[in-house]
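Every read-out reported here was derived from the displayed coordinates using simple, explicitly stated rules and does not represent laboratory data. A quick note: this is a predicted structure, and the numbers were derived from the prediction, not measured. Virtual Cβ from ideal backbone geometry, glycine too; neighbours counted across all protein chains shown.
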Amino acid sequence: MKRSKRKLTLLVFGSLVLGIMQGGCAGEAAYVETPTPVTEPLPAPVPQQSTQQLEELVAPIALYPDALVAQILAAATYPSQIVEADRWLQQHSDLKGDALANAVNAQSWDPGVKALTQFAGLLGMMDQNLSWTSSLGEAYVNGQQNVLEAIQVMRRRAQQAGNLQSTPQESVTTEGGTIFIEPADPQVVYVPEYDPWVVYGDPLAFYPGWIGVPGFFWDGPGIEFGLGFGIGLYGGFGWGWHSWGTDWHGHHLTHGDHPYHSHSREFVGRSGFGGDHAGLGHSAGDHFMGSAGRAPGMHSGAFSGFSHGGDTMRFSARGRASFGGGFHGGGGFHGGGGFHGGGGHR
């Protein structure tokens, strides 16, 4: 009898312990802690460039024809492609006419970069001034309205200084305070040559390291026109001259009668440029010239190579011009798209 009671007592006790344990497990199972969602911090606002910085930045191209301004701004958002395209043109200097146009069309570059192959010397100037080019592209990506407004401000300044007017090479018209610049002959484009630091009246601060390239820099107080670029060769392609424009009132570029949108990722996560213009062009190519030093005329923000398809491509530094107060040679002028003689204008 005593043994039976002891077994019964152990059985009851065991049942109670088991019940308590199961209750605890059920409670634990019922309580599942919901993880607190991780909130990504909002990106810091991009610092806006000062008016003076933007004026200095757009000065070299503000007096170019509207469609060319559109092509330059679009291409500048792809600085590594500028490098690639310029080197490609040098390596394929034997291509002419339709063969060149079709070879360019087959490349994977942005339409803005392809368009600039019509002006090979201009493409070379942007390559040589890559820190400036990448800064211009970044400024446009971060604030296209401010960039386009700065260009209009500089045009008005040049007009007030008596240096912007219609010529046999280009037509300059003003509507509602907006200045339009177009080729006088729709089939021939003359790229104006001028000193961007003196043509606007009061001298501008010199952009650090900027290089004046023959054919795109005039060492004088006014504007000069040299050779004209025939653009009919590229008319059959969607990236040709007549596909581009600048909507000054809508504050955007147009390509193919639609607003142009750059899909470049070269400035993703980048902030605006600082007052010293440093650190402005390394998103695609800090690999080149690391131990060899920088090429003359380039500073810490300038590209010297670029990364394409996972491979770092290294190019020997071309000769850079040095100028201060006047142009002293160097650089190089590349032909492209056919040339027509053009009278000079001072």
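Placing dummy labels 7 Å off each Cα toward the beta-carbon, the span from Lys96 to Ser166 is 3.6 nm. For segment 111-122, the Karplus equation 6.51 cos²θ - 1.76 cosθ + 1.60, evaluated at θ = phi - 60°, returns couplings of x, x, 5, 4, 4, 6, 5, 5, 10, 4, x, 5 Hz by residue, with Gly and Pro reported as x. At each listed q (0.10, 0.16 Å⁻¹), what is the log10 of I(q)/I(0) that the Debye formula gives for segment 134-238 modelled as equal alpha-carbon point scatterers? Debye curve over Cα of segment 134-238, log10 I(q)/I(0) at q = 0.10, 0.16 Å⁻¹: -0.34, -0.90.
Here's how it looks for Ser171: its modeled amide H is under 5 Å from those of Glu182, Ala184, which are all 5 or more places away or on a different chain.
Over all pairs of different C-alpha atoms in segment 189-264, the reciprocal of the mean inverse distance, the Kirkwood hydrodynamic radius, equals 15.2 Å.
A cut-off of 5 Å between modelled amide H atoms, ignoring neighbours fewer than 5 places along the same chain, links His252 with Asp247.
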